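Report on the following structure.
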Amino acid sequence: MRPAQRSRQETLALRRQLIGSSCKLFFSNDPVKIVKAKGQYMYDENGRRYLDCINNVAHVGHCHPDIVKAAHEQNQLLNTNSRYLHDNLVDYAERLSKTLPEKLCIFYFLNSGSEANDLALRLARQYTKHEDVIVLDHAYHGHLTSLIDISPYKFRNLEGQKEWVHVAPVPDTYRGLYREDHEDSVTAYANEVKNIIEQAHKRGRKIAAFFVESLPSVGGQIIPPAGYFQKVAEHVRKAGGVFIADEIQVGFGRVGKHFWAFQLQGEDFIPDIVTMGKPIGNGHPIACVATTKEIAEAFASTGVEYFNTFGGNPVSCAIGLAVLDVIEKEHLQAHATEVGNFLMKLLKEQKIKHPIIGDVRGSGLFIGVDLIKDQAQRTPATEEAEHLITRLKEEYILLSTDGPGRNVLKFKPPMCFNMEDAKFVVDTIDKLLTDMEKECLNQ
């Protein structure tokens, strides 16, 4: 029997007693206790409804009935490992293959984005026989040791950069090395990668992979300029490496125009490996790696079996299939474009009104609002961003910040987030920023 529901303070006290303190809470000074959720809304123990603007895991909406039904029905029949034949596994792989370029036709199923990225690293190294990896500054690719090593966001606060890791500047045309006024930021940023490769070669190092989020999220909701991936891939492949696109945050139609965010770069760009996670199972732990036959064959040539106890089990695959069905049936990709464009329009109107808003960028329902202290230096407005998300929570809106300066408001809500929600959020932001400006004047 479950114990009676605890008060929020009792739950918090037990969490502090039993759970590692490095496992952080949102709004740690005054955390929210969530007991249920539906669609784009979450509810606390007192029944208060919060609009969820950040949960890209509940991709098609919290507790979507079709997903719950698919999990329940398959759970009643069978759940076992992938060493037995089962239709769900091959059906799911076939469905995913139809969303990807033809050459990305071999799949491995896992349980988390970190597992997927770790496997991608292994695939790249086995195929190329090289060790080194190029990543973008501020990148985060997962919590396994291998991935902390390629995540500047983490390793800069730990043991530092390994000799086999090379860090390229983020292709950020708002506050990066080459900005919106640069004559050819695409080539300039790609040349930074080329220079890294040349310097590595001088030291006898060999590049296995360029590993990148298709849209850097932790780095500040960045939209790399179109054509950047093509030029980087050319340099990396010439050096004998492969291109890995991490779609864990941004895949499955979130960007609206395309099913995968790497497709924003243009039809002529195809990665060698793609990793998927978070939204793939709508809250159920599923992840996937897609790659080419050549890379998969090189991985198999070791003779060492790849086995994942829970990866690709019948329940996970049933849920994955149901997620794809809902995206299609409810036209969520088109919905992301429509609502995302509307939200961007409203936010850009606020940019004209409030000088603290330096930049509004995004695609579909992946949007960043860069808050600044001054227009000339574009100094990150870190404290103001923190104050704003705290005040938004008091208005029952859940939003958070990202970027090196923790000053970028990040929007990546469930895909059922609608026009009314967008207007409510922006109206509230407008009201709160107006209040903040008045307080500033009074001081």
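The values are calculated or read from the model by the stated rules, or taken from the named source; none is laboratory data. Keep in mind that this is a model prediction, so the values were computed, not measured. Methodologically, a virtual Cβ is constructed for each residue, glycine included, from the backbone with ideal geometry; neighbour enumeration extends over all protein chains shown.
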> How many of the residues in region 127-152 are surrounded by 19 or more Cβ atoms within 10 Å (Cβ to Cβ), within 18 Å of the chain's Cα centre (by Cα) and of a type outside the set (Val, Ile, Thr)?
Replying inline: 9
> For the subset of region 220-253 comprising residues that are surrounded by fewer than 24 Cβ atoms within 10 Å (Cβ to Cβ) and either more than 21 Å from Asp132 (Cα to Cα) or at pLDDT below 95 (or both), which member is farthest from the chain's Cα centre (by Cα)?
Replying inline: Gly227
>> For region 417-436, give me the residue count where each residue is more than 16 Å from Thr390 (Cα to Cα) and in contact (Cβ under 8 Å) with a residue 60 or more places away in the chain.
In response: 7
>> Is it the case, given these coordinates, that Ile295 is modelled with pLDDT of 95 or more, outside any helix (DSSP H, G or I) and either of a type in the set (Val, Ile, Thr) or buried (at least 24 other Cβ atoms within 10 Å of the Cβ) (or both)?
In response: no
> Does Ala261 satisfy the condition of being more than 16 Å from the chain's Cα centre (by Cα) and not acidic (Asp, Glu)?
Replying inline: no
> Is it the case that Leu346 is surrounded by 21 or more Cβ atoms within 10 Å (Cβ to Cβ), in contact with a helix residue (DSSP H, G or I) (Cβ under 6 Å, 6 or more places away or on another chain), under 22 Å from Leu398 (Cβ atoms) and modelled with pLDDT of 95 or more?
Replying inline: no
> Quick one: how many residues across region 29-71 are in a strand (DSSP E or B), charged (D, E, K, R) and farther than 26 Å from Gly364 by Cα?
Replying inline: 2
> Within region 92-108, is there a residue that is in the same structural domain as Val212 (by TED's automatic domain parsing), surrounded by fewer than 20 Cβ atoms within 10 Å (Cβ to Cβ), part of a loop (DSSP other than H, G, I, E, B) and more than 26 Å from the chain's Cα centre (by Cα)?
Replying inline: no
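To keep it simple, each residue is scored yes or no on (1) in contact with a strand residue (DSSP E or B) (Cβ under 6 Å, 6 or more places away or on another chain); (2) of a type in the set (Asp, Glu); (3) modelled with pLDDT under 95; (4) not assigned by TED's automatic domain parsing to the domain that holds Lys202.
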position	(1), (2), (3), (4)
Tyr140	no, no, yes, no
Ile148	no, no, yes, no
Pro152	yes, no, yes, no
Leu158	no, no, yes, no
Gln161	no, no, yes, no
Trp164	yes, no, no, no
Val170	yes, no, no, no
Arg175	no, no, yes, no
